[in-house]
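Worksheet: one structure, shown below.
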Protein chains: 2
Amino acid sequence: MKLLEDAIIKRGKILEGNVLKVDGFINHLIDVSLICKLGKEFHRLFKDSGITKILTIEASGIGIACITAQYFNVPVLFAKKSKSSNISNDVYTTQVASFTHKTVNNVVVSKEYLSSGDRILIIDDFLAEGNALIGLIDLAKQAGAEVVGCGIVIEKAFQPGGDKVRSMGYRVESLARIANMQDGKITMCD
Amino acid sequence: MKLLEDAIIKRGKILEGNVLKVDGFINHLIDVSLICKLGKEFHRLFKDSGITKILTIEASGIGIACITAQYFNVPVLFAKKSKSSNISNDVYTTQVASFTHKTVNNVVVSKEYLSSGDRILIIDDFLAEGNALIGLIDLAKQAGAEVVGCGIVIEKAFQPGGDKVRSMGYRVESLARIANMQDGKITMCD
């Protein structure tokens, strides 16, 4: 998606360790008018897939998921990174390692909000190693729900996550795919 | 707001320690079509206030803030709960105690995204003790930004936060105000 690619090239910054900083428009300050356009694009791509629920993970996926969900007229379920006192014990749990933060989190959703009748679209801001996405797929599988697609804002195509999840048989649509970030320059896939 | 009050009475659950569980439609599973109506109501209330930015706190404020922001055509800035004690010089920091989780978090925003020209609407899902709201006001003040209002989904009016923030001179609009939650029954303010 040209508009997004231009924004990444113009406004993204490369930090040490191949971290792409897009916190000026995606995951700290959120350019909601841009996110609305991304949400409409996800809807165009998945509108015929019979989506019943959007699944994402806190925190930076939530805004994109909610904006996208309004075009599908479905609710959003966001997975939480630790069991908090106001979630019941009745949760599905998976473990997700964070590439950026070098941590491993327990990630949970309440069993009552995910079920075998659900057709799930997973939405997230980044796909790199694929850990968050594979964790969310695992949560959906535990519930017997069907993951019908994954909508990603930015895929780092030089990291293995995208290939891994596609080879598992899932449809992954990334609105921008980065080929490399060498010498301080961001290059998109063709 | 009648629609929201009805949803809280019908779908909310009271947990031990005066915790109101609304994770079936507000802060775990998110009823986005309901949130859109709340966002439109916040816009009706604050549309003449010259808002330039919506400020919220991760995680459960983000969805409501993003949905609301599209009606104002402004960006959202969400404050991050930082676990690390070594905060960089590039952020404004405040401390927020959580009523639900019994923890104290450092809460930060990048200095570059909040400035003295900003007219801030703070959006959050809950107002009880007022700690998160007062923390967000503190962050805005550090930046020299003006807080022109606070839009809250659910105020527990039997806890002191709302009165505290109003007595500081801020306009606080809560879409549902709970008078008490005694004997397992939720009663709204008149």
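Within the listed set A:173, A:155, A:16, the Gaussian network model of chain A (springs between alpha-carbon atoms below 10 Å) gives the highest mean-square fluctuation for A:16. All C-alpha pair distances within the protein assembly as shown, sorted into 10 Å bins from zero, spread as 5, 24, 35, 26, 9, 1, 0 percent across the bins. In order along the stretch A:17-32, the Karplus-derived 3J(HN,Hα) couplings, from 6.51 cos²θ - 1.76 cosθ + 1.60 at θ = phi - 60°, round to x, 6, 8, 9, 8, 10, 7, x, 8, 10, 10, 8, 7, 10, 7, 5 Hz, and Gly and Pro are given as x. DSSP loop (so not H, G, I, E, B), at most 15 other Cβ within 10 Å: list which trypsin sites (Lys or Arg not before Pro) in the stretch A:94-190 pass both filters. Those that pass, being in a loop and sparsely packed, are A:102, A:171, A:185. For chain A, give the percent of accessible area contributed by carbon and sulfur heavy atoms, probe 1.4 Å, rounded to a whole number. Roughly 46 percent, rounded to a whole number.
Each Lys and Arg contributes +1 and each Asp and Glu -1, all at the Cβ; summed about the Cα centre of the protein assembly as shown, the dipole is approximately 100 debye. Partner aspartates and glutamates whose Cα lies under 14 Å from the Cα of residue A:111, excluding those fewer than 8 positions away in the same chain, are identified as A:90, A:138, B:23.
Amide H contacts for residue A:127 (H built 1.01 Å from N in the peptide plane; partners 5 or more residues away or on another chain; cut-off under 5 Å): A:154, A:155, A:156. Remark on chain B: hydrodynamic radius 16.7 angstrom, per the Kirkwood mean of 1/r across alpha carbon pairs.
Between amide H atoms placed 1.01 Å from N, distances below 5 Å from residue A:188 occur with A:179, all of them 5 or more places distant or on a separate chain. In the elastic network of chain A, a GNM with C-alpha springs shorter than 10 Å, the most mobile of A:29, A:38, A:133 is A:29. Pairs of Lys residues in the stretch A:25-104 that lie 8 or more places apart, or on two chains, and have C-alpha atoms under 21 angstrom apart add up to 8.
Viscosity 0.692 mPa s, temperature 37 °C: what is the translational diffusion coefficient of the stretch A:28-120 from Stokes-Einstein with a Kirkwood Rh over Cα pairs, rounded to a whole number of µm²/s? Answer from the Stokes-Einstein relation: 226 µm²/s. Helix content alone sets the calculated 222 nm mean residue ellipticity of chain A: runs of n ≥ 4 DSSP H residues at -39500 (n - 2.57) each, divided across all residues, give -9000 deg cm²/dmol. Distance distribution P(r), the stretch B:128-190, all Cα-Cα pairs, bin width 5 angstrom from 0: 4, 18, 27, 23, 13, 8, 5, 2, 1 percent. In the full protein context, the stretch B:1-154 carries 40 Å² of accessible surface per residue, based on a 1.4 Å probe and ignoring ligands, DNA and RNA. Its relative contact order, with pairs defined as Cα atoms under 8 Å and 6+ residues apart, puts chain B at 18 percent. Against chain B, whose longest principal axis comes from its Cα atoms, helix B:61-72 is set at around 80 degrees.
Round to the nearest 0.05 the FRET efficiency obtained for residue B:47 and residue A:167 when R0 = 51 Å and r is the Cβ-Cβ distance. Efficiency for this residue pair is about 0.55. Taking amide H as placed 1.01 Å from N in the peptide plane, the amide H of residue A:57 sits under 5 Å from that of A:79, each at least 5 places away or on another chain.
Considering only DSSP beta bridges whose two residues both sit in the protein assembly as shown, what percent are antiparallel, to the nearest 5? Approximately 45 percent, going by the DSSP bridge assignments. Sorted largest first, the spans of the alpha carbon positions of the stretch A:87-132 along the three principal axes are 32, 24, 12 Å. Scaled against the 2.2 N^0.38 Å expected of a compact globular protein of N residues, the Cα radius of gyration of the stretch A:96-173 reads 1.07. Shape analysis of the stretch B:15-56 yields a ratio of the Cα radius of gyration to the Kirkwood radius, Rg/Rh, of 1.12. Label positions at residue B:111 and residue B:82, each projected 7 Å from the Cα along the C-beta direction, are separated by 1.2 nm. Charging the Cβ of each Asp and Glu at -1 and of each Lys and Arg at +1, and nothing else, the dipole of chain B about its Cα centre rounds to 120 debye. Excluding ligands, DNA and RNA and using a 1.4 Å probe, chains B and A jointly bury around 2900 Å² of accessible surface, summed across both partners.
The values are calculated or read from the model by the stated rules, or taken from the named source; none is laboratory data. Just so it is clear, the model here is predicted, and its values are computed rather than measured. Glycine also receives a Cβ, built like all others from the backbone with ideal geometry; neighbour counts cover every protein chain displayed. Side chains included, ligands, DNA and RNA excluded: accessible areas come from the protein's heavy atoms. Shrake-Rupley method; radii C 1.70, N 1.55, O 1.52, S 1.80 Å.
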